[in-house]
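The values are calculated or read from the model by the stated rules, or taken from the named source; none is laboratory data. Small disclaimer: the values here were computed from a predicted structure and weren't measured. In this analysis, Cβ positions are derived from the backbone assuming ideal geometry, glycine residues included, and neighbour counts consider all displayed protein chains.
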Amino acid sequence: MNPNVSVQSIMTTEMVTVRPDEPLNAIRKIFLDNGFHHLPVTGMTGDLQGIISREDFYKVAYVLSLRSEGKPDENLDRFDSLCAADIMTKYPLHLDVDDTVGLAADIFLANKFHALPIVDEGKLVGLITSHDLLEFVFNSPVEENPELAEYNED
């Protein structure tokens, strides 16, 4: 694997995004209808404002259900009053299109992230996930390590 390859070459560019005022019911439907785990939040001009993970979404839903135990109408009212801006990670760590897969790997490992938005001039243009990175490594040709080759000759 070449860690100097640009993230632009392996990022996902066809993404579903939501606006900050998107209601949680709509976000729930998006997660239920799709297999992805991260939902970027963008402004009207495509600027990255946040990200919502499936896990974060379900944590909020769970906490709301605990707070209104025995009072399902109260839970529904609270859930209906929340929107993307209330639960998103605001201004998440992101990469630029020219950053490398090596940098992405370092960030994933150091922070236990599973997705990083990719921006170009402040606009969301893609998303790279730990799955994308694993697929890239798995499909990369094996490079010879000259130091190991010396041991194999003996």
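A search for C-beta distances below 7 Å between a residue of the stretch 59-72 that is more than 21 Å from His37 (Cβ to Cβ) and any residue that is at pLDDT 60 or above and assigned to a helix (DSSP H, G or I), counting only pairs 6+ apart in sequence or on different chains, returns Ser68/Arg78.
Whenever a residue of the stretch 1-19 is farther than 19 Å from Asp47 by Cβ and in contact (Cβ under 8 Å) with a residue 12 or more places away in the chain, its partners that are surrounded by fewer than 12 Cβ atoms within 10 Å (Cβ to Cβ) and among the charged types (D, E, K, R), lying with C-beta atoms within less than 7 angstrom and at least six residues away or across chains, give the pairs Ser6/Asp98.
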